[in-house]
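Working notes, structure below.
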Amino acid sequence: MDLTVSLPRGLVLKNPIVAASGTFGFGPEYASYVDLNRLGGISVKGISPKPWRGNPPPRVWETPAGLLNSIGLQNPGVDAFITDDIPFLTGVDTAVIANIIGHTVEEYQAVAKRLDAQARIDAFEVNISCPNIKEGGMAFGHDPDQAYQVVRAVRMVTQKPVIVKMSPNLEFPGVIAKAVVDAGADMISAINTLVGLAIDLKARRPALGGGTGGLSGPAIKPVAVRIVYEIASNVAVPVIGMGGVQSAEDVLEFLMAGASAVMVGTITFQHPDRMIRIIDQLPDVLRHYGFSNLNEAVGAALGKAGAVS
């Protein structure tokens with residue numbers, strides 16, 4: 001079965017399975033465990049203009065159905081990414097998506113402009129869950145005007161596909177989705193992690209060094225599917241779904257909710273090769289549920305099957 005996914009501005013994925021940003025490093029970290037050439041794409045760890053130190057440890061805390069993390073978006077900065085990681089990624093036959101982060105509109109734009117010249121970067125994923133330090137620390141993705149401004153700034157410096165990564169910690173995700181599409185977003189990815197807190201009973205304080213953390217893993221999948229469904233119902237651009245994906249059946253659920261592709265994250269900590277297994281099983285799962293091709297499944301639960309391109 002042909003699993004190819006055609007997305008806006010000529011972005012083509014050989015299959016709908018993409019390594020999610022933040023769980024897969026920059027690619028080399030998993031290369032000895034996974035044939036990277038078989039993936040539909042890799043969304044690299046978030047990249048900022050300058051190195052970010054991240055949060056103090058402890059940084060991860062396992063929950064009964066997932067994982068809390070408080071990494072704090074630690075990364076070496078855009079210059080180090082270009083010097084150290086682009087050469088490796090140049091030898092990988094899959095789509096490379098640069099996840100970009102910043103604390104101001106100008107920082108987002110600077111990273112996008114710097115990476116736009118890199119031929120190996122096929123698309124940008126704009127993480128709008130970062131706090132806007134010029135506006136009191138509210139996350140860009142929590143206000144439609146701020147979300148519009150940062151996406152518009154990125155759109156002004158690149159003609160490559162722009163994907164906006166949505167926060168799930170919103171009352172009305174559709175409002176933010178419309179704002180970023182109006183600003184020039186070609187696609188939306190959803191969802192980022194949910195805000196959570198764990199208490200270390202022995203220490204009598206929050207378990208993570210940064211206090212709260214981002215909850216990922218199977219516990220958040222129903223929330224993620226709901227938000228993908230809502231976004232796909234409100235905007236006419238492709239959606240890339242993520243959140244708690246463990247199996248080909250999970251992928252099909254996201255596709256039917258309106259996703260055109262699916263990112264896989266937390267499960268790869270436990271099973272690094274899980275994405276390959278999902279890719280291998282997806283054709284049989286699609287057939288089992290009555291689909292003769294991938295495109296038929298996209299939006300099937302919305303009553304409007306077929307990918308938006």
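I'd like to check something: does region 193-200 contain any residue that is within 23 Å of Ala153 (Cα to Cα), surrounded by 14 or more Cβ atoms within 10 Å (Cβ to Cβ) and touching a helix residue (DSSP H, G or I) at 6+ places or on another chain (Cβ under 9 Å)?
No, that holds for no residue.
So Thr90 ticks every box in (1) surrounded by 17 or more Cβ atoms within 10 Å (Cβ to Cβ); (2) in contact with a Lys or Arg (Cβ under 6 Å, 6 or more places away or on another chain); (3) farther than 18 Å from Phe269 by Cα but one. Which box is left unticked?
Checking Thr90 against (1) surrounded by 17 or more Cβ atoms within 10 Å (Cβ to Cβ); (2) in contact with a Lys or Arg (Cβ under 6 Å, 6 or more places away or on another chain); (3) farther than 18 Å from Phe269 by Cα, the one that fails is (1).
Suppose we filter region 36-53 for residues that are in a loop (DSSP other than H, G, I, E, B) and either touching a residue at least 24 places away in the same chain (Cβ under 8 Å) or closer than 19 Å to Ala261 by Cβ (or both); how many remain? Can you show your working first?
Here is the first cut: in region 36-53, the residues in a loop (DSSP other than H, G, I, E, B) are 39-40, 44-46, 48-51, 53.
From the residues that got through so far, the ones that are either touching a residue at least 24 places away in the same chain (Cβ under 8 Å) or closer than 19 Å to Ala261 by Cβ (or both) too are 39-40, 44-46, 48-51.
Here the count works out to 9.
Is it true that some residue in region 263-283 is modelled with pLDDT of 95 or more and in a strand (DSSP E or B)?
yes
Considering each residue of region 30-69, count those that are of a type in the set (Ser, Thr, Tyr), touching a Pro at 6+ places or on another chain (Cβ under 8 Å) and under 22 Å from Lys221 (Cα atoms), and give that number.
Final tally of qualifying residues: 0.
Could you identify the single residue in Gly10, Gly91 that is on the phi > 0 side of the Ramachandran plot and either touching a residue at least 40 places away in the same chain (Cβ under 8 Å) or not aromatic (Phe, Trp, Tyr) (or both)?
The unique qualifying residue is Gly10.
Scan region 288-298 and give yes if some residue there is buried (at least 19 other Cβ atoms within 10 Å of the Cβ), part of a helix (DSSP H, G or I), β-branched (Val, Ile, Thr) and under 19 Å from the mean Cα position of the chain (by Cα), otherwise no.
No, region 288-298 has no match at all.
Of the residues in region 14-35, how many are among the aromatic types (Phe, Trp, Tyr) and either free of Cβ contacts under 8 Å to residues at least 60 places away in the same chain or surrounded by fewer than 18 Cβ atoms within 10 Å (Cβ to Cβ) (or both)?
1
For region 198-247, name all the residues that are hydrophobic (A, V, I, L, M, F, W, C), free of Cβ contacts under 8 Å to residues at least 60 places away in the same chain and in contact with a strand residue (DSSP E or B) (Cβ under 9 Å, 6 or more places away or on another chain).
Ile199, Val223, Ala224, Val225, Val228, Val239, Val245
Which numbered condition in (1) touching a helix residue (DSSP H, G or I) at 6+ places or on another chain (Cβ under 9 Å); (2) within 20 Å of Ala190 (Cα to Cα) is the only one that Leu11 fails?
Failing condition for Leu11: (1).
Using the structure shown, decide if Val96 is over 26 Å from Gly136 (Cα atoms) and in a strand (DSSP E or B).
yes
The values are calculated or read from the model by the stated rules, or taken from the named source; none is laboratory data. If you're wondering where the values come from, they're calculated on a predicted model, not measured in any experiment. We place every Cβ from the backbone using ideal geometry, glycine too, and count neighbours over all the protein chains shown.
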